[in-house]
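As structure tokens, the structure follows; a few thoughts come after it.
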Amino acid sequence: MSDLKAETAAPPEPADPGFVTYTDAILRTLERRPALPVIICPDRRQITAGELRDSIHRLARELITRGVRPGQTVSLLTGNTPQALVARYAANLAGARVTPLYDGLNADALAHLMDVADTEMLLADPTRYADLDLLKPFLHAPMVATLGPHPDADDIWTAAAGQPSAPVAVPVGADDDWCIRHTGGTTTGLPKSLQMKHGPYRRTLDHLCSAGGAPPRYLACTPLTHIAGLWADVALLQGGSVVLQPAFDPGEALAAIERERITRLFLQPPLLHRLLDDPALPATDTSSVQQVTYGGSPASTSRLRQTESVFGKVLHSWYGQNETLGLTEVGPDEHDRVGRHGQITVGRAMPGVELRVVDRDGSVLPRGSEGEIHARAHSAMNGYWKQPELTAHVLLDGWVRTGDIGYLDDDGYLFLADRGHDTITVDGTRVYPSEIEEVLTAHPAVAQCAVFGMRRDDTFEHVHAAIVPARGHSADIDDLRRFVEARKSALHVPHTFHVLKAIPLSGIGKPDKHALRRALS
């Protein structure tokens, strides 16, 4: 390994002997203003801080009464509901780890994830009863309960209402498991399970809360089982409120922004593009919005500039992975920093994070050189759950091999080229799909696109582009070919264009290139 020094931010803080879990911290915040509405439901019903606090304690008591203990796993089959938040907080308060089950997986895959995580109890909320019925034949969990009435299941929500709301105190330390998360599974088709601890998660939330400011009004319109849940935690910790929507709909999101005076929202780039393209946008009052956080997949520079023209200087990005949580972030005043591939930086290392870029032999490369990004972070996973060989492959002496390709500039800003597994080899040359996507989304006739590699009967890999035409435009393929070649090279010109009505997305809002290959092969 080279002796070149890695790019380093501030070292992690020493362990706090008086550790307070994120759940206890949220409960303390709720205690301060019990009459404050903190959850606004899709039907506009409001839940106060005191009501949310009491529901968490009651459900935690009911879980303990039913035998849930520290070190056990509670899986959550939930939607964007108040019950979903209460269930996660209550299970962690009882000392259990949680396993959020992502949308878009079939019943067999969901059952597999629960089995892998040694699920002791499955909790399903009222939006997922149909999924629960499909899942039942595959279930092996000792206990199954629903967070509301169900004709063939145990309603734990109603039972918990009879429990006292006095505080529950189960000792939980920084090194105890917070959850078992899952990767998206769009590369292999099968998600990997990650073991995460309370300490790293609490430190991540503390950093995101450190900016201060007025208590936010956060619009949760993407799955609470993923990043939206983290931002809901941040909003509640900051004394703010969470406005719930069952799923992302651009028109409904815009209506909520105006009606509820939303100050903060998180969207994956494909969803942000849909919001920008919605015909209701010009007539919507978006003046309340103070922060638009995006992430999860490459973002188009031209689309980010469009976002700034609509919302002002409010953009915030947070780069990381399921394996690491946050690694870098870039604020509103740093979005003018553009790298050699034409993309905006993903920012500099967050506190407690070290970054390095290495070549194929594992030697650290100097600044400006492109290679695989490795990260050492206090927020990183403990490892893959019950997969020591995979853990040993990805975790090297405390460094996480991200699989992402990029480089660091002279000021320590990180720029991403692409995911390593997305790289396409054309005539022996590596081509990054994100570079082509960056060009295509700058064309006025393209609203959305996804670029990926495919092989047919031969051994050569070809560049394919799935595009969604912009409203009022048709796709002129020859014009698009010329547009890409003029701005990149002939190697970057897609071999085949596929004109679609929509780009398929994974359950967490990323372009699902695995699904595109299956559908178009």
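The values are calculated or read from the model by the stated rules, or taken from the named source; none is laboratory data. Every value quoted in this text rests on a predicted model; they were computed, and no experiment measured them. So basically every Cβ, Gly included, is an ideal-geometry build from the backbone, and we count neighbours across all protein chains shown.
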Task: One residue from Asp233, Asp206 being under 21 Å from Gly79 (Cβ atoms), charged (D, E, K, R) and part of a helix (DSSP H, G or I) - done: Asp233
Task: Output for segment 209-221, where each listed residue is among the aliphatic types (A, V, I, L, M) and assigned to a loop (DSSP other than H, G, I, E, B) - done: Ala211, Ala214
Open item on the list: Can you find a residue that is modelled with pLDDT of 95 or more, within 18 Å of Trp157 (Cα to Cα) and surrounded by fewer than 16 Cβ atoms within 10 Å (Cβ to Cβ) anywhere in segment 50-65?
Closed with: yes
TODO: Test Leu224 against the stated conditions and say whether it is closer than 21 Å to Val330 by Cα, in contact with a Lys or Arg (Cβ under 9 Å, 6 or more places away or on another chain) and either assigned to a helix (DSSP H, G or I) or not assigned by TED's automatic domain parsing to the domain that holds Ile508 (or both).
DONE: no
- [ ] Hey, can you tell me all the residues within segment 377-391 that are at negative phi, touching a residue at least 40 places away in the same chain (Cβ under 8 Å) and not aromatic (Phe, Trp, Tyr)?
- [x] Ala377, His378, Ser379, Ala380, Met381, Asn382, Gln387, Leu390
Task: Every pair of residues 6+ apart whose Cβ atoms lie under 7 Å, when the first sits in segment 301-326 and is within 19 Å of Met196 (Cα to Cα) while the second is part of a helix (DSSP H, G or I) and of a type in the set (Ser, Thr, Tyr) - done: Leu325/Thr204; Gly326/Thr204
Open item on the list: One residue is enough: does segment 458-475 have a residue meeting the conditions touching a residue at least 40 places away in the same chain (Cβ under 8 Å) and either closer than 30 Å to Pro191 by Cβ or under 22 Å from the mean Cα position of the chain (by Cα) (or both)?
Closed with: yes
TODO: Please specify each residue of segment 302-319 satisfying the condition of being touching a Gly at 6+ places or on another chain (Cβ under 7 Å) and modelled with pLDDT of 90 or more.
DONE: His316, Ser317, Tyr319
Task: Positions within segment 465-521 being farther than 17 Å from Leu271 by Cβ and hydroxyl-bearing (Ser, Thr, Tyr), in sequence order - done: Ser474, Ser489, Thr496, Ser521
- [ ] Determine the pairs where a residue that is within 17 Å of His341 (Cβ to Cβ), located within segment 479-497, has a partner that is surrounded by fewer than 16 Cβ atoms within 10 Å (Cβ to Cβ) and of a type in the set (S, T, N, Q) with Cβ atoms under 6 Å apart, the partner being 6 or more residues away or on another chain.
- [x] Leu491/Thr429
Task: Residue list for segment 2-38, restricted to those being at pLDDT 50 or above and aliphatic (A, V, I, L, M) - done: Val20, Ala25, Ile26, Leu27, Leu30, Ala35, Leu36, Val38
Task: Single residue of Arg303, Arg340, Arg367, Arg360 found to be basic (Lys, Arg) and either outside any loop (DSSP other than H, G, I, E, B) or touching a Pro at 6+ places or on another chain (Cβ under 8 Å) (or both) - done: Arg303
TODO: Determine whether segment 424-432 contains at least one residue that is in contact (Cβ under 8 Å) with a residue 60 or more places away in the chain and part of a helix (DSSP H, G or I).
DONE: no
Open item on the list: So for segment 276-287 (the condition being under 20 Å from the mean Cα position of the chain (by Cα) and hydroxyl-bearing (Ser, Thr, Tyr)), does at least one residue qualify?
Closed with: no
Task: Residue pairs meeting the criteria (Cβ under 6 Å; at least 6 apart or on separate chains; first within 16 Å of Ala96 (Cβ to Cβ), in segment 158-178; second at pLDDT 95 or above and in a loop (DSSP other than H, G, I, E, B)) - done: Val170/Ala94; Val170/Gly95; Val172/Thr21; Val172/Gly95
Open item on the list: What pairs come out if I take residues in segment 104-126 that are in a helix (DSSP H, G or I) and pair them with residues that are acidic (Asp, Glu) whose C-beta lies under 9 Å away, six or more apart or interchain?
Closed with: Ala107/Asp131; Leu110/Asp131
TODO: Pull up segment 239-254, narrow it to residues that are part of a loop (DSSP other than H, G, I, E, B) and buried (at least 20 other Cβ atoms within 10 Å of the Cβ), then point me to the one that is modelled with the lowest pLDDT.
DONE: Phe248
Open item on the list: I'd like to verify a number: residues in segment 288-342 that are under 30 Å from Cys179 (Cα atoms) and aliphatic (A, V, I, L, M), how many?
Closed with: 6
Open item on the list: The conditions are (1) buried (at least 17 other Cβ atoms within 10 Å of the Cβ); (2) part of a loop (DSSP other than H, G, I, E, B); (3) modelled with pLDDT under 90, and Ala174 fails exactly one of them. Which is it?
Closed with: (3)
- [ ] Residues being aliphatic (A, V, I, L, M) and more than 10 Å from Gln163 (Cα to Cα): count how many of those fall in segment 53-68.
- [x] 4
TODO: Could you please find all residues in segment 481-498 being surrounded by 14 or more Cβ atoms within 10 Å (Cβ to Cβ) and within 13 Å of Val451 (Cα to Cα)?
DONE: Val484, His492, Val493, Pro494, His495, Phe497, His498
Open item on the list: Just to be sure before I move on: is Pro200 at pLDDT below 95 and part of a helix (DSSP H, G or I) in the structure I sent?
Closed with: yes
